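Here's the structure, in structure tokens; my notes come after.
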């Protein structure tokens with residue numbers, strides 16, 4: 001097994017903001033607290049221990065015991081849940097949507113990052129306990145983003161109508177997706193395990209929350225993973241003071257203005273806050289809360305509430321109030337003794353917008369860790385790449401750039417007219433002194449001719465490159481074929497392929513391989529030849 005690491009900035013797939021973050025660019029210093037290294041974690045432990053209320057731990061444990069009551073809980077996970085009642089226990093969290101059958105591969109990489117980080121922290125700080133947590137995004141509503149996954153280039157889709165929070169969505173209708181999935185993956189021992197996992201998860205559980213919890217517990221329960229559903233009355237009761245502040249004082253939008261202005265000048269703003277960053281969820285409804293004409297209105301409904309009425313509703317039924325993408329991080333940090341949030345580039349980008357909001361409400365801002373990113377290559381693909389003399393980093397090039405690079409490398413001709421263009425530039429440079437000795441119209445003619453000749457060289461270079469591509473068509477076709485296999489739809493494998501493709505081949509060894517190979521603090525892109 002070969003494991004190669006590539007700096008994020010060399011992949012072409014990681015944003016400038018994230019590359020600047022992992023390289024500790026000083027201009028981002030004010031957007032985060034501690035950096036994700038062991039020195040930073042030591043400081044974060046002390047900070048969270050001093051500021052996380054002990055009473056909240058009891059509520060958290062009670063809630064989790066209820067949430068896990070219908071599952072066969074592993075000894076490792078049960079011990080971790082019970083440990084959360086102790087002052088010296090902390091969490092490291094990743095979160096994700098309830099994608100059908102886990103969705104793309106990076107779902108696994110997020111959780112592996114959390115499990116490995118908890119182990120690494122325990123080895124470094126043996127007096128404390130560290131619990132890996134998967135936070136289920138049960139209150140999201142983007143059903144179209146989660147209702148499908150790809151296996152062997154086939155889209156397995158759950159084609160039903162949906163509204164409201166996805167977590168309460170009935171699993172009815174998934175028998176058709178199950179049949180299609182079963183047909184696609186065959187009947188090997190590993191394939192049969194996957195089919196049974198899918199069947200038990202979705203056909204024996206009533207809603208998407210329960211199904212997802214079952215599947216993730218089956219895959220990672222042996223490693224002590226704790227799964228949290230934030231759509232929980234007990235947990236939301238802890239969040240009511242912060243929800244109240246958001247309703248009355250617009251905390252988020254007022255806190256984020258300076259940070260967003262800075263990001264707009266230098267990067268891309270990932271999310272924009274609303275005046276009120278809370279949804280109202282009840283009986284399948286999930287709509288924004290809007291304040292207009294001195295009334296709180298539930299968008300797209302006739303529901304209106306006065307200030308007194310909405311605060312009374314919040315106190316009696318905190319479960320009706322759902323944080324949006326801006327407020328969910330705060331909710332999470334209020335209810336968990338958390339040290340670190342682990343996410344992909346897009347997630348970390350919007351977390352970097354939020355520190356001022358956390359400071360405003362005096363909640364410790366967690367360490368932000370960019371999750372492990374991975375490209376998996378099987379033996380056959382590795383042999384092909386070696387035979388074709390493709391370097392690992394070349395695989396990450398856009399396909400046109402890859403083809404151009406390999407054409408120039410494979411051709412017996414020199415497809416580079418740089419020397420000729422330098423000669424041309426010198427020739428015209430030698431003529432430029434004549435401008436001062438004759439009519440000024442000569443200068444325009446000289447510049448026009450230089451531009452024309454340079455353009456001619458560029459066109460000849462392109463024509464030669466095109467001709468050599470035809471001559472090398474067979475070999476270039478094999479190069480693009482392997483890139484297409486590893487980068488489906490010209491995108492990252494981890495964002496397109498479901499874990500089932502690799503589980504069919506590697507079975508129960510797949511997750512242990514990832515756990516063994518991946519270092520959560522490496523902050524680099526991993527390429528693993530299985």
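The values are calculated or read from the model by the stated rules, or taken from the named source; none is laboratory data. Computed from a prediction, not measured in an experiment: that's the story for all the values here. Counting neighbours? That spans all protein chains shown, and the Cβs are built from the backbone with ideal geometry, glycine included.
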* Structure fact -> The helices (runs of 4 or more DSSP H) lying entirely within region 238-355 that contain at least 1 residues which are modelled with pLDDT of 95 or more, in contact with a helix residue (DSSP H, G or I) (Cβ under 9 Å, 6 or more places away or on another chain) and in the same structural domain as residue 110 (by TED's automatic domain parsing) are 328-335, 345-351
* Among the numbered conditions (1) buried (at least 22 other Cβ atoms within 10 Å of the Cβ); (2) out of contact with any helix residue (DSSP H, G or I) (no Cβ under 8 Å at 6 or more places or on another chain), tell me where residue 226 comes up short. => (2)
* For region 135-172, which residues satisfy the criterion of being farther than 15 Å from residue 102 by Cβ, part of a helix (DSSP H, G or I) and either out of contact with any strand residue (DSSP E or B) (no Cβ under 8 Å at 6 or more places or on another chain) or free of Cβ contacts under 8 Å to residues at least 40 places away in the same chain (or both)? -> 143, 144
* Structure fact -> Scanning region 488-500 for residues that are in contact (Cβ under 8 Å) with a residue 24 or more places away in the chain and either buried (at least 19 other Cβ atoms within 10 Å of the Cβ) or out of contact with any strand residue (DSSP E or B) (no Cβ under 8 Å at 6 or more places or on another chain) (or both) gives 490, 492, 493, 494, 495, 497, 498, 499, 500
* Is it the case that region 2-22 has a residue that's at pLDDT below 95 and either surrounded by 16 or more Cβ atoms within 10 Å (Cβ to Cβ) or in contact with a helix residue (DSSP H, G or I) (Cβ under 9 Å, 6 or more places away or on another chain) (or both)? -> yes
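Every residue, every condition in (1) free of Cβ contacts under 8 Å to residues at least 60 places away in the same chain; (2) over 30 Å from residue 154 (Cβ atoms); (3) touching a helix residue (DSSP H, G or I) at 6+ places or on another chain (Cβ under 8 Å), yes or no:
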position	(1), (2), (3)
403	no, no, yes
407	no, yes, yes
412	yes, yes, no
444	yes, yes, no
450	yes, yes, yes
465	no, yes, yes
478	no, no, yes
* Taking the options 521, 514, name whichever one is under 35 Å from the mean Cα position of the chain (by Cα), at pLDDT 95 or above and either under 25 Å from residue 181 (Cβ atoms) or in a helix (DSSP H, G or I) (or both). => 514
* To do: Please specify each residue of region 43-57 satisfying the condition of being touching a helix residue (DSSP H, G or I) at 6+ places or on another chain (Cβ under 8 Å) and closer than 22 Å to residue 113 by Cβ.
  => none
* Asked: Tally time: how many residues in region 225-242 are within 26 Å of the chain's Cα centre (by Cα) and closer than 17 Å to residue 312 by Cβ?
  -> 2
